[in-house]
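Right, one structure below, let's go through it.
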Amino acid sequence: MKLIKSSLPENAQTGHFLPAGYVEAYAVIVPECSRLTPDNILVAMWTDFPKWLRMLFTLRDWLVKPFGLKAGSGGKNAGQKLEAAIRAGNPLGLMTVPAKTADETVIRLTDKHLTAELSVHSEKRTDGQRKISIITLVHFHSAAGKMYFFVIRPFHKIIVKTATKRSLKRLQAGNSARRKEITTNGG
């Protein structure tokens, strides 16, 4: 599975949040799969981190704390709370859901130095496959925001690509397992 640099889909909700100081989009073509909804992909991206990524976020939270930046909202049932917020479109900590359609979910992370939107856009193609786009927009509020993003940008790219691939594979594997279960059990 290869994510390639892409332009923003024409009908993407993220277009309503332009202009932005930083715009990035990756896309991947995948076989049709009922589990590949924008909500499911975002939930999987934000709640199923590999250990190295959890450690990286913990390090980030520790490093930015002296500068008054918000830390991630961990704690008890954090994944369940995040999933519920994304699915319902409700705010949670520094995250809000400013746009949501059947084909796209946009989450916004707001802090004093920058605001970032991360979107998953899903588009059915005529060949029976699906184009999944992962879009990032960053709006800088200060020079500190630009400096912060300059430092994390290389990590951001790695994290987005890794989390997207991992999420899509897990969701597709779950769909295959479900199809097998239905066929085996006659359900």
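The values are calculated or read from the model by the stated rules, or taken from the named source; none is laboratory data. Source: prediction; values computed, not measured. In this analysis, Cβ positions are derived from the backbone assuming ideal geometry, glycine residues included, and neighbour counts consider all displayed protein chains.
Here are the numbers for this structure:
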{"item": "Subset of the stretch 101-123 (residues that are over 14 Å from Tyr26 (Cα atoms), in contact (Cβ under 8 Å) with a residue 40 or more places away in the chain and among the polar types (S, T, N, Q))", "result": "Thr101, Thr105"}
{"item": "Test result for Val28, within 16 Å of the chain's Cα centre (by Cα), modelled with pLDDT of 95 or more and not in a loop (DSSP other than H, G, I, E, B)", "result": "yes"}
{"item": "Qualifying residue in the stretch 33-48 (condition: within 24 Å of His121 (Cα to Cα), surrounded by 14 or more Cβ atoms within 10 Å (Cβ to Cβ), among the aliphatic types (A, V, I, L, M) and modelled with pLDDT under 75)", "result": "no"}
{"item": "Strands (runs of 3 or more DSSP E) completely within the stretch 83-150 that count 2 or more residues being touching a Pro at 6+ places or on another chain (Cβ under 7 Å)", "result": "104-110, 114-124, 129-140"}
{"item": "Enumeration of residues in the stretch 7-22 that are in a loop (DSSP other than H, G, I, E, B) and surrounded by 16 or more Cβ atoms within 10 Å (Cβ to Cβ)", "result": "Leu8, Pro9, Ala12, Ala20"}
{"item": "Ala116 vs. criteria modelled with pLDDT under 95, surrounded by 15 or more Cβ atoms within 10 Å (Cβ to Cβ) and within 23 Å of Leu94 (Cα to Cα)", "result": "no"}
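Residue-wise test of (1) within 17 Å of Asn40 (Cα to Cα); (2) at pLDDT 90 or above.
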residue: Lys76; (1), (2): no, no
residue: Leu82; (1), (2): yes, no
residue: Asp103; (1), (2): yes, yes
residue: Asp127; (1), (2): no, yes
residue: Ser142; (1), (2): no, yes
residue: Arg153; (1), (2): no, yes
residue: Ser176; (1), (2): yes, no
